[in-house]
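I have a structure I would like to understand better, so I am pasting it below and will then ask my questions one at a time.
The values are calculated or read from the model by the stated rules, or taken from the named source; none is laboratory data. All of these numbers come straight from a predicted model, not from anything done at the bench. With ideal geometry, Cβ positions are generated from the backbone for all residues, glycine too; neighbour counts draw on all protein chains shown.
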Amino acid sequence: MRMTRTSLSLAAMAGVLLLAACDRAPPAPEPIRPVRVVSVAPQLHESRSSYTGEVRARYETNLAFRVGGKIVARYVEIGSEVKKGAQLARLDPEDTRLATQNARAQLSAAQANFNQAQTELSRYKKLFESRVISQAELDRRQNTYNTAEAQLDSARSQLRSAQNQMDYTELQADADGVVTAIGVETGQVVSAGQTVMKLARPEEKEVVFNVAENRLDELRNATNIAISLWAQPDKEYSGVVREIAPGADPATRTYAVKVSVQNAPASMRLGMTSTVSIVRRSEASMVALPLSALYQQGAEPAVWIYNGPAEGEGKVELRPVKIAAFIERAVLIADGLKEGEKVVTAGVHKLIPGQTVRLLPEVQSASARKK
């Protein structure tokens with residue numbers, strides 16, 4: 001049988017392909033992936049929620065004159081430290097001085113009238129004993145005396161009131177403190193009760209800050225609160241939640257919280273910026289892992305466990321775990337890991353069960369990584 005030219009061409013081509021297949025090199029093995037791990041080291045852990053606030057005095061009083069008038073002197077500035085009884089400002093005393101003189105003159109007149117009524121009553125009593133005058137006449141003199149006595153008491157009260165009004169022209173500090181605000185200037189006319197300045201009493205200090213409504217329960221149940229100043233971040237002071245505003249601010253929709261500082265030092269000055277931390281400590285030992293170690297296995301969290309020597313190559317297996325809480329840049333594992341096991345912390349989404357990996361030389365413990 002003769003082969004056609006086409007058949008010969010196909011045979012030749014098949015031979016060439018067969019020779020090429022024989023000469024092709026086998027596929028290169030997949031490179032072993034390097035991984036970084038941390039060693040499992042269960043221990044008690046601490047987590048914090050922090051808020052930024054301002055140091056204020058617990059007691060801050062609005063000071064005002066009890067009478068109206070023109071301010072003729074002001075003796076303090078914002079930030080002035082004053083002692084109890086120190087003079088802060090003074091009103092023009094001319095009107096109250098005239099009122100005091102008038103009340104003193106009325107008292108003198110009432111005293112003279114009383115003295116005369118007293119003398120006449122004494123004389124009329126003797127006349128009545130001698131049966132010179134009637135009982136009715138003596139009663140009239142007695143009534144005159146009683147009226148004069150009442151007028152004298154009234155004049156004394158008016159004088160004391162006028163003297164008080166004169167004293168009220170001087171504004172004095174009712175306690176040791178710091179002037180935090182001034183709302184008037186010399187020469188200004190103020191009314192009675194108008195706020196002139198604010199006085200803060202620094203013996204008790206607190207930190208004021210605002211929180212969202214989803215944080216209120218955390219603050220109500222807080223038992224361990226740490227306060228630090230931005231100026232002294234290495235020192236912490238304990239605090240207690242004193243007040244949570246019953247209503248939200250209409251503009252920010254946040255709630256004002258006041259935390260009292262226990263044993264506040266003198267270096268904690270009003271207006272300083274501070275950090276309030278709600279400290280939570282775990283009751284049982286847990287493992288802290290970087291967030292990058294978590295892997296999602298269906299609906300459950302898991303981590304990759306490295307099985308192999310401390311140096312060299314090994315295999316990985318997927319292990320489901322139970323998460324206790326998320327803290328800053330880490331996650332707390334409550335169950336699923338044993339002390340000394342090595343957990344992969346990088347590239348977890350590119351691994352498959354049983355895959356061979358190469359351990360990087362840096363092996364860090366979970367606790368060291370948390371630090």
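Would you confirm whether any residue within region 53-67 is of a type in the set (Lys, Arg), surrounded by 13 or more Cβ atoms within 10 Å (Cβ to Cβ), in contact with a strand residue (DSSP E or B) (Cβ under 7 Å, 6 or more places away or on another chain) and closer than 30 Å to Gly308 by Cα?
No, because not a single residue in region 53-67 is of a type in the set (Lys, Arg), surrounded by 13 or more Cβ atoms within 10 Å (Cβ to Cβ), in contact with a strand residue (DSSP E or B) (Cβ under 7 Å, 6 or more places away or on another chain) and closer than 30 Å to Gly308 by Cα.
With the structure loaded, tell me whether Val55 is touching a Leu at 6+ places or on another chain (Cβ under 7 Å) and farther than 30 Å from Asp176 by Cα or whether it fails that test. Explain how you work it out, then say what you get.
Numbers: touching a Leu at 6+ places or on another chain (Cβ under 7 Å): yes; farther than 30 Å from Asp176 by Cα: no.
Criteria not met by Val55.
All but one of (1) touching an Asp or Glu at 6+ places or on another chain (Cβ under 8 Å); (2) modelled with pLDDT under 90; (3) not charged (D, E, K, R) hold for Ser274, so report the exception by its number.
Of the numbered conditions (1) touching an Asp or Glu at 6+ places or on another chain (Cβ under 8 Å); (2) modelled with pLDDT under 90; (3) not charged (D, E, K, R), the odd one out for Ser274 is (2).
Within region 294-305, does at least one residue satisfy the condition of being small (Gly, Ala, Ser) and either closer than 21 Å to Gln232 by Cα or exposed (fewer than 12 other Cβ atoms within 10 Å of the Cβ) (or both)? Break it down into steps so the answer makes sense when it comes.
Of region 294-305, the ones small (Gly, Ala, Ser) are 298-299, 302.
Okay, now just the ones that are also either closer than 21 Å to Gln232 by Cα or exposed (fewer than 12 other Cβ atoms within 10 Å of the Cβ) (or both), so 298-299.
Looking through region 294-305, at least one residue is small (Gly, Ala, Ser) and either closer than 21 Å to Gln232 by Cα or exposed (fewer than 12 other Cβ atoms within 10 Å of the Cβ) (or both).
Picking from Ile333, Ile323, which residue would you name as being more than 30 Å from Phe209 (Cβ to Cβ), at pLDDT 85 or above and touching a Leu at 6+ places or on another chain (Cβ under 8 Å)?
Working: Ile323 fails: more than 30 Å from Phe209 (Cβ to Cβ).
The match here is Ile333.
Can you run down the residue pairs with Cβ atoms below 7 Å, 6 or more apart or on separate chains, where the first is in region 51-74 and under 30 Å from Met268 (Cβ atoms) and the partner is part of a loop (DSSP other than H, G, I, E, B) and of a type in the set (Gly, Ala, Ser)?
Note: pairs meeting the criteria are Glu54/Gly271; Val55/Gly271; Ala64/Gly193.
When you go through (1) among the β-branched types (Val, Ile, Thr); (2) more than 30 Å from Leu171 (Cβ to Cβ); (3) in a strand (DSSP E or B) one by one for Val196, which number turns out not to apply?
(2)
Ok, one more. Would you call Glu185 out of contact with any Leu (no Cβ under 8 Å at 6 or more places or on another chain), over 24 Å from Glu77 (Cβ atoms) and either surrounded by 17 or more Cβ atoms within 10 Å (Cβ to Cβ) or not assigned by TED's automatic domain parsing to the domain that holds Asn115 (or both)?
Judged against the criteria, Glu185 is not a match.
Considering (1) more than 19 Å from Ala41 (Cβ to Cβ); (2) surrounded by fewer than 18 Cβ atoms within 10 Å (Cβ to Cβ); (3) touching a residue at least 24 places away in the same chain (Cβ under 8 Å), say which one Ala310 fails and leave the rest.
It fails just one condition, (1).
So which pairs qualify, if the first residue must be in region 139-166 and within 28 Å of Gly68 (Cα to Cα) and in contact (Cβ under 8 Å) with a residue 12 or more places away in the chain, the second must be in a helix (DSSP H, G or I) and of a type in the set (S, T, N, Q), the Cβ gap must be under 6 Å, and the two must be at least 6 apart or on different chains?
Every condition considered, the pairs that remain are Ala155/Gln106; Ala162/Thr100; Gln163/Thr100; Gln165/Thr96; Met166/Thr96; Met166/Thr100.
May I pose another question? Please verify whether Ala266 is modelled with pLDDT under 90 and more than 30 Å from Arg36 (Cα to Cα), treating the condition exactly as stated.
Working: modelled with pLDDT under 90: yes; more than 30 Å from Arg36 (Cα to Cα): yes.
Judged against the criteria, Ala266 is a match.
Count, please, the residues in region 269-303 that happen to be farther than 26 Å from Asp217 by Cβ, aliphatic (A, V, I, L, M) and over 14 Å from the mean Cα position of the chain (by Cα).
Of the residues in that region, 7 qualify.
Residue check: is Val207 in contact with a Ser or Thr (Cβ under 6 Å, 6 or more places away or on another chain) and either without any contact (Cβ under 8 Å) to a residue 60 or more places away in the chain or part of a strand (DSSP E or B) (or both)? Break it down stepwise before answering.
On the way: in contact with a Ser or Thr (Cβ under 6 Å, 6 or more places away or on another chain): yes; either without any contact (Cβ under 8 Å) to a residue 60 or more places away in the chain or part of a strand (DSSP E or B) (or both): yes.
Criteria met by Val207.
Exactly one of these conditions fails for Leu19: (1) surrounded by 12 or more Cβ atoms within 10 Å (Cβ to Cβ); (2) modelled with pLDDT under 90; (3) among the aliphatic types (A, V, I, L, M). Give me its number.
Every condition holds for Leu19 apart from (1).
Still on this model: Pick from region 76-110 the residues that are of a type in the set (S, T, N, Q) and not in a loop (DSSP other than H, G, I, E, B): which of them is farthest from the chain's Cα centre (by Cα)? Break it down stepwise before answering.
Taking region 76-110 first, the residues of a type in the set (S, T, N, Q) are 80, 87, 96, 100-102, 106, 108.
Retained after the next criterion (residues that are not in a loop (DSSP other than H, G, I, E, B)): 87, 96, 100-102, 106, 108.
Values: Gln87: 33, Thr96: 45, Thr100: 49, Gln101: 53, Asn102: 54, Gln106: 57, Ser108: 60 Å.
That would be Ser108.
What do you reckon, is Gly85 under 29 Å from Thr195 (Cβ atoms) and surrounded by 13 or more Cβ atoms within 10 Å (Cβ to Cβ)?
Details: under 29 Å from Thr195 (Cβ atoms): yes; surrounded by 13 or more Cβ atoms within 10 Å (Cβ to Cβ): no.
Taking the combined requirement at face value, the residue does not satisfy it.
Can Ala110 be described as surrounded by 14 or more Cβ atoms within 10 Å (Cβ to Cβ), at pLDDT below 90, of a type outside the set (S, T, N, Q) and in contact with a helix residue (DSSP H, G or I) (Cβ under 8 Å, 6 or more places away or on another chain)?
no
Something else about it: Do we have Pro265 as assigned to a strand (DSSP E or B) and surrounded by fewer than 18 Cβ atoms within 10 Å (Cβ to Cβ) here? Spell out the reasoning first.
Numbers: assigned to a strand (DSSP E or B): no; surrounded by fewer than 18 Cβ atoms within 10 Å (Cβ to Cβ): yes.
No; evaluated as a whole, the condition is false for this residue.
When region 338-360 is examined, which residues are found to be modelled with pLDDT of 85 or more, in contact with a Pro (Cβ under 8 Å, 6 or more places away or on another chain) and either not basic (Lys, Arg) or not in a strand (DSSP E or B) (or both)?
Answer for region 338-360, where residues must be modelled with pLDDT of 85 or more, in contact with a Pro (Cβ under 8 Å, 6 or more places away or on another chain) and either not basic (Lys, Arg) or not in a strand (DSSP E or B) (or both): Glu339, Thr345, Val357.
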